[in-house]
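Take a look at the structure below.
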Amino acid sequence: MLEIQNLHVKLEDEPREILKGLSLTVKPGEVHAIMGPNGSGKSTLSYVLSGRAGYEVTDGSVSFKGENLLEMDPNMRAAKGVFLAFQYPIEIPGVATMQFLKVALNAQRKARGEKELSIPDFMRFVKERAAKLNISQEMLKRPVNVGFSGGEKKRAEILQMAVLEPSLCILDETDSGLDIDALKVVADGVNALRSPDRAMIVITHYQRLLDYIVPDFVHVLSAGKIVKSGGKELAHELEANGYAEFVEKVA
Amino acid sequence: MNIALIKTPAEEAFGISLPHRRMEEWRWTDLRARIDRPYPAHQNTVVAKIDVDRLIASSPFAKIKTHRIVFVNGSWDQAHSNFTGLTFEMGVPTSSAIDDPLIHLNGAIEPAGLTLRFESNMDVLVEIMHITTKGAARSMALRNCIEVADGASATIIETYLGEGDYVLSSVMEFEIGLGARLDRVKVEHESASATHLSHVVTSLAKDAKLNEFTLTSGGALNRQNGTYTFVGENADAKIAGAYLLNNKQHADTRLVVDHAVPHCTSRETFKCVMDDHARGIFQGKVIVRKHAQKTDGKQSSHALLLSEFAEFDAKPELEIYADDVVCGHGATAGDINLDHLFYLRSRGIPEAEAKSLLIAAFVGEAFDNVVHDGLRDALVNYAANWLQVRKNV
Amino acid sequence: MADQDTIELVKTIEVDKYKYGFETDIESDYAPKGLNEDIVRFISDKKGEPQWMLDWRLEAYRSWLHMENPTWAKVSFPKIDYQDLYYYAAPKSMAAPKSLDEIDPKLLETYAKLGIPLKEQEILAGVRKQGEKSMLDDDGNEVITGRVAIDAVFDSVSVVTTFKDELKKADVIFCSISEALREHPDLVKQYLGSVVPQGDNFYAGLNSAVFSDGSFVYVPPGVRCPMELSTYFRMNAKNTGQFERTLIIADKGAYVSYLEGCTAPTREESQLHAAVVELIAHEDAEIKYSTVQNWYPGDAEGKGGVYNFVTKRGDCRGARSKISWTQVETGSAITWKYPSVILRGDSSRGEFYSIAISNGKQQVDSGTKMIHLGKNSSSRIVSKGIAAGRSDNTYRGLVSAHRKATYARNFTQCDSLLIGDQCGAHTVPYIESKTSTAQFEHEATTSKISDDQMFYCMSRGLSQEEAVALIVNGFVRDVLQQLPMEFMAETQKLIGISLEGSVG
């Protein structure tokens, strides 16, 4: 599904390279965790995959379902099935969450040549998924992320994921700022979306989240490269020993 | 339509035309109508040293040690001035012509003045003082230029004091060099029947910093213009002011902050207190030129009206031609917040005192722009005295 | 996102996607070109007006001759040759007596094309909604639109007014001002010019002399108008100025909500539109006046387009009366418009909600005046300006409290959004307080759409233009909510269309 080869990325305005030859293969149904210390390039990877401006790919390639992902605008990537759950979801004043979901879903369906959902179908569809994430009707009326608590923002991100039904979910530090109860709700929401034809990349600093979203593979990202890969037990190893080993290796 | 065709006696005497309310910038201060009699220039007034000393002693900063450069009745007073360690040149600076009615008026009166240059960090306070002694109705003018060289820093105080009926015109130019810093404090405490007209032209080079505060409390009629132009990036201007006005005083401040280059920051904070029949006006314009991206410009003007006959007018203006900017202004006008007043009284503070406390707190925010502790304390004292006099009436 | 490729791509998109630019091929009656007393007489005669009305017009014309056009607004345009215009144009077929069935089918077709149904049975049957997407309100509920009575004005004359009978049952008078002059001359005489006098300003003076048609509304004491009233203005004839006059009176305790819409054909020459609207609210009455202004804005190079020089003023004449202006300004090459409220009555209330969008080379100078004269009067101003392309967008407003307006209150919020670095957004508020008990609060901000917001929306599948439209619609939400429900969805779409080609 996703094939990243020797990806080199730097900021547009700075010469410093952030990703230095990252390679990763993700197949449908798989959950990959990417762990790493601060500044290792985790968030950069998520932004480059979703197409945020300000990054320059100097080498390497990313193919998604056989197409060159890097050539596409962010909205095309979304229509093709890429979804990024933001570490810091953006506030959009004045736009009700419900309205936002409708516009986004219909834009994607249109891009894929599908028909728009009827209003009642759409409402039913959203309400059902919102209920599972403890998201109230009242919250759906509020403007996107405006005045949401940390936990509400993360739940709203997972709701968007559930409504837009992407084939590749990238979760960027979805656990940050969540207490244990909120973490469980979010993890349950994510787990409910696991399916044989959907892949996930879970980016996290801590192993804690991976107790709830159990990955098939764990990769350690350090200084812009994957320096070690393994099964879920690798996460526990990291929890016990920290990242020191990897940081030193590069240094 | 063109009312300016017929010259008023004052215009005849000055030999120029005065701005009037048909001019947008003068809609609230009709100078042509307000200056209703001639004020001849260069009148020889007999000056008694005792009068000058008495007036100097009445300055809010009288007890603060400063290097004073004193002008009396529009002429330099060498005896009262102290230039130790200062680089200066007497004589009116010859600078580029600016088309502004107040500058034309200044020229018509033929000002006295000097150019003062700060080459490095000066830790002395330099005070430029203008004293008007009692005498026939007349007009006087000053024009000074202050240059703060690259990397230098300076504190300039301007104090205007006087007695009697007169028109004083002051033009000040400030050039703040690369990475230079200027702290400017002005106190306008002219006589109760005076007209004070000032125009300040300030330019800020790259990384320059300006901290400015003006207290307007004297004079019958005040008009103070200021233009601040950013000519280098990353400069920062903090411009604050306070009005403490009563009786029939009229004060009109018009500031233009011109963001001509990117990455500069400006803050304007004005706190205006009007009592009796006083009228306060604040006009502030922030211009962000094309390409002046990342400008951060904010302006606030707040008015407290203490009497049902007091007035406040404001025109906080934004003119913006660059998109990546954060600009805004806030303006309020009203009387003392009754909830606040009630709260203080419920704690046992008598009404008059509670009011004074709230007014002092209101203007106090503008005083925070004064960096020098001694100067700030002196201004706080000045406000306290003003409030004490008010309370006793 | 905003890389060079995108910029180039966007440049190729036509800015002027004006959808109402078609012209109706219909034979018209014109007054001779130019302006003089005879033309004023011609118009008055055409309308069969009483002598006092002609005298009133002539008085206006004579004072207009001595007036100069205002120059204080931040707009520029070539001098208008007032002798090179037609001041009256009417479809020839209008000479026949009118009932809906007798109207020229070309006119009906024109309005149908504009999405304005004039046949009551069609409106009742919901024809209008066919093929239209449903919309959600902010609560996610489907919106059911209600009925609207329409006065359709085509060039200088009113074509038809719908739902007249039903309104008559409620004692509401809703007709063209020409008809009002014939049927209710006393009411017109009493109120016309009482808010905007003939000599008020240059354009109002011109309008007073040559106004052709417009709407008249009178809601008697205690009556709540049973439906939305609406006038749809269509400029069609070439080289013809449109000068309509609207007069709305809500008598004691009455309520009326009124909406006007406007479009014009795409033409190379600029067209002048100088309307006057007067509102009078008596004791406890309320008038809600909404405008969706979509006159032809000119092309991307600023060629053509309507000069919209309009005087709109409401008079809160009675205690506790309320006047609320809501405007969505997307069209016109130049907008010069300041819907104002004179808060004469004690405890009266004035509101001004505005969305002004400028793109291409449009120039907008718009705002309001809230003149507080009565005790405890209150006003609220919410203005959202969006400048894109190479346009200039200015908010100009005055809030003043007279000495007797004790405890007057005003709250003003002025926000500007800039899209691109070739446009300008300006804020010019005037605040005048002559009483200590008045509380005025004014806030203004200027910013741009953040890159983060754009990326977030696009990462959810929205195209660049969809993202801009969505974010702008959020930005203007406080004002949109003030519009009658029937017009919200269309307005949201209109905002999207107006901003097409603005990104890059």
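Could you tell me how far the Cα centroid of the stretch B:321-363 sits from the Cα centroid of the stretch B:191-221, in Å?
Answer, in whole Å: 24.
Got a sec? What order do C:329, A:152, A:239 fall in by accessible area at 1.4 Å, biggest, i.e. largest, first?
Values: C:329 5, A:152 35, A:239 105 Å².
Ranked list, largest accessible area first: A:239, A:152, C:329.
Roughly speaking, to the nearest percent, how much of the stretch B:47-336's 1.4 Å accessible area is carbon and sulfur? Could the numbers behind the result be given before it?
On the way: 4510 of 8900 Å².
Solvent-exposed carbon and sulfur of the stretch B:47-336 make up 51 percent of the total.
Hey, got the dipole for chain B? About the Cα centre, +1 on K and R Cβ, -1 on D and E Cβ, debye to the nearest 20?
Numbers: 40 positive and 51 negative charges, 114 e Å.
In total the dipole reaches around 540 debye.
Mind checking the per residue accessible area of the stretch B:47-336 for me, 1.4 Å probe, whole number of Å²?
On the way: 8900 Å² over 290 residues.
With all protein chains present, the stretch B:47-336 gives 31 Å² per residue.
Loop only by DSSP, 13 or fewer other Cβ within 10 Å of the Cβ. Give me the trypsin sites (Lys or Arg not before Pro) in the stretch C:62-93 that pass, ordered by residue number. It would help to have the intermediate numbers written out before the result.
Details: sites: C:62, C:74, C:79, C:92; in loops: C:74, C:79.
The qualifying sites are C:79.
Could you pull the accessible area for residue A:211 with a 1.4 Å probe, rounded to 10 Å²?
About 80 Å², ignoring ligands and nucleic acids.
Which one of B:84, C:72, C:212 has its Cα pushed farthest toward the positive end of the charge dipole of the protein assembly as shown, where Lys and Arg give +1 and Asp and Glu give -1 at the Cβ?
Result: C:212, furthest along the dipole toward the positive end.
Heads up, I need the accessible area for residue A:185: 1.4 angstrom probe, whole protein in place, Å², nearest 10.
30 Å²
In a solvent-free Debye calculation with one equal scatterer on each Cα, what is log10 I(q)/I(0) for the protein assembly as shown at q = 0.04, 0.07 Å⁻¹, listed in the order of the q values?
Taking Cα atoms of the protein assembly as shown as identical point scatterers yields -0.27, -0.81.
Can you compute the FRET efficiency between residue A:149 and residue A:124 using 1/(1 + (r/R0)^6), with r the Cβ-Cβ distance and R0 = 25 Å? Round to the nearest 0.05. It would help to have the intermediate numbers written out before the result.
Numbers: r = 27 Å, r/R0 = 1.07.
Rounded to the nearest 0.05, the efficiency is 0.40.
What 222 nm value per residue comes from the helices of chain C, counting each DSSP H run with n ≥ 4 as -39,500 (n - 2.57) and dividing by all residues, nearest 500 deg cm²/dmol?
On the way: 13 runs with 117 residues, N = 504.
After summing the helix terms and dividing by the residues of chain C, the value is -6500 deg cm²/dmol.
Inside 10 Å of the C-beta atoms of A:100-113, what's the mean count of C-beta atoms belonging to other chains? Working shown, then result.
Details: counts 6, 2, 3, 9, 9, 2, 4, 9, 3, 1, 3, 3, 1, 0.
Per-residue shielding by partner chains comes out at 4.
Please list C:257, C:270, C:378 from largest to smallest accessible area, probe radius 1.4 Å, with all protein chains kept in place. Write down the numbers at each step before the final one.
Details: C:257 5, C:270 50, C:378 25 Å².
Reading off the accessible areas and sorting them downward yields C:270, C:378, C:257.
For the stretch B:47-336, just the Cα atoms, rotate onto the principal axes and tell me the three extents in Å, largest first.
Answer, in whole Å and largest first: 59, 51, 35 Å.
Which of the listed residues, A:105, A:236, A:54, is farthest toward the dipole's positive end in chain A, when Lys, Arg count +1 and Asp, Glu count -1 at the beta-carbon?
Toward the positive end, the furthest listed residue is A:105.
Just to be sure I understand: of the beta bridges DSSP finds with both ends in the stretch A:155-251, what percent are antiparallel, rounded to 5? Please list the in-between numbers first.
Values: 6 of 11 bridges.
Counting only bridges with both partners in the stretch A:155-251, antiparallel ones make up about 55 percent.
Give me the distance between the Cα centres of the stretch A:160-176 and the stretch A:35-100, rounded to whole Å.
Using only Cα atoms, the two centres lie 11 Å from each other.
Do the sum for chain B: with -39,500 (n - 2.57) for every DSSP H run of n ≥ 4, divided by all residues, what is the mean residue ellipticity at 222 nm, to the nearest 500 deg cm²/dmol?
Working: 7 runs with 74 residues, N = 393.
Calculated at 222 nm, the ellipticity per residue is -5500 deg cm²/dmol.
Among A:27/A:232; C:106/C:312; A:65/A:127; B:248/C:434, which pairs are too far apart, with a Cα-Cα distance over 20 Å? Walk me through the intermediate numbers first.
Working: A:27/A:232 17 Å; C:106/C:312 31 Å; A:65/A:127 31 Å; B:248/C:434 14 Å.
Too far apart for the 20 Å limit: C:106/C:312; A:65/A:127.
Taking 51 Å as R0, compute the FRET efficiency from the Cβ-Cβ separation of residue C:170 and residue B:233 and round it to 0.05.
Values: r = 65 Å, r/R0 = 1.28.
After rounding to 0.05, the efficiency reads 0.20.
Report the net charge of residues surrounding residue B:375, where surrounding means a beta-carbon distance below 13 angstrom and charges are Lys +1, Arg +1, Asp -1, Glu -1. Walk me through the numbers before you get to the answer.
Values: positive: B:63, B:65, B:184, B:186, B:376; negative: B:127, B:158, B:183, B:212, B:368, B:373, B:377.
With Lys, Arg at +1 and Asp, Glu at -1, the net is -2.
Could you rank B:184, A:16, B:117 by how accessible they are, 1.4 Å probe, largest area first? All intermediate terms of the calculation are to be shown ahead of the outcome.
Details: B:184 5, A:16 140, B:117 90 Å².
Largest accessible area first, the list is A:16, B:117, B:184.
Using a simple charge model, +1 on the beta-carbon of Lys and Arg, -1 on the beta-carbon of Asp and Glu, nothing else, what dipole does the stretch A:2-250 show about its Cα centre, in debye to the nearest 20? Display every interim value, and only then the final one.
Values: 31 positive and 34 negative charges, 155 e Å.
In debye, rounded to 20, the stretch A:2-250 gives about 740.
Please work out the average accessible area per residue across the stretch A:2-250, using the 1.4 Å probe convention, and give it in Å².
Details: 10310 Å² over 249 residues.
With the other protein chains kept in place, the stretch A:2-250 gives 41 Å² per residue.
Within the stretch B:47-336, what percent of beta bridges assigned by DSSP are antiparallel, to the nearest 5?
Numbers: 6 of 141 bridges.
About 5 percent, rounded to the nearest 5.
Compare the Cα positions of B:250, B:263, B:213 along the charge dipole of the stretch B:213-278 (+1 at Cβ of Lys, Arg; -1 at Cβ of Asp, Glu; about the Cα centre) and return the one farthest towards the positive end.
My answer, from the dipole projection, is B:250.
Keeping all protein chains in the complex and leaving out DNA, RNA and ligands, what accessible area do you get for residue C:187 with a 1.4 Å probe, in Å² to the nearest 10?
In the full protein context, residue C:187 sits at about 40 Å².
Using alpha carbons only, how many degrees (0 to 90, rounded to 10) separate the axis of helix A:97-111 from the longest principal axis of chain A?
Approximately 70 degrees, to the nearest ten.
Size of the dipole of the protein assembly as shown about the Cα centre, Lys and Arg at +1 and Asp and Glu at -1 on the beta carbon, nothing else charged, in debye to 20? Walk me through the numbers before you get to the answer.
Values: 127 positive and 155 negative charges, 350 e Å.
Computed charge dipole of the protein assembly as shown: roughly 1680 debye.
Restricting to bridges with both residues inside the protein assembly as shown, how much of the DSSP beta-bridge set is antiparallel, in percent to the nearest 5?
On the way: 56 of 335 bridges.
Looking only at bridges with both residues in the protein assembly as shown, the antiparallel portion is about 15 percent.
Taking a threshold of 24 Å on the Cα-Cα distance, which of the pairs C:238/C:384; C:33/C:189; C:288/C:337 fall above it?
Listed pairs above 24 Å: C:238/C:384; C:33/C:189.
Go through the stretch B:98-181 and name the GluC sites (Glu not before Pro) that are in a DSSP coil and have 15 or fewer other Cβ atoms within 10 Å of their Cβ. Don't skip to the end; give the middle numbers.
Numbers: sites: B:119, B:127, B:147, B:158, B:163, B:173, B:175; in loops: B:119, B:163.
For GluC sites (Glu not before Pro) across the stretch B:98-181 that sit outside H, G, I, E and B with at most 15 neighbouring Cβ atoms in 10 Å, the list reads B:119.
Go ahead and estimate [θ] at 222 nm for chain A from helices alone: -39,500 (n - 2.57) per DSSP H run with n ≥ 4, summed, over the residue count, rounded to 500. List each step's numbers first, then the result.
Working: 10 runs with 99 residues, N = 251.
-11500 deg cm²/dmol, from helical runs alone.
The values are calculated or read from the model by the stated rules, or taken from the named source; none is laboratory data. This one's a predicted model, so the numbers in the text were calculated from it and none came from an experiment. Cβ coordinates were reconstructed from backbone atoms using ideal geometry, including for glycine residues, and neighbour counts include every protein chain displayed. Each accessible area value is taken on the protein alone, full model and side chains, heavy atoms only, with ligands, DNA and RNA left out. Shrake-Rupley method; radii C 1.70, N 1.55, O 1.52, S 1.80 Å.
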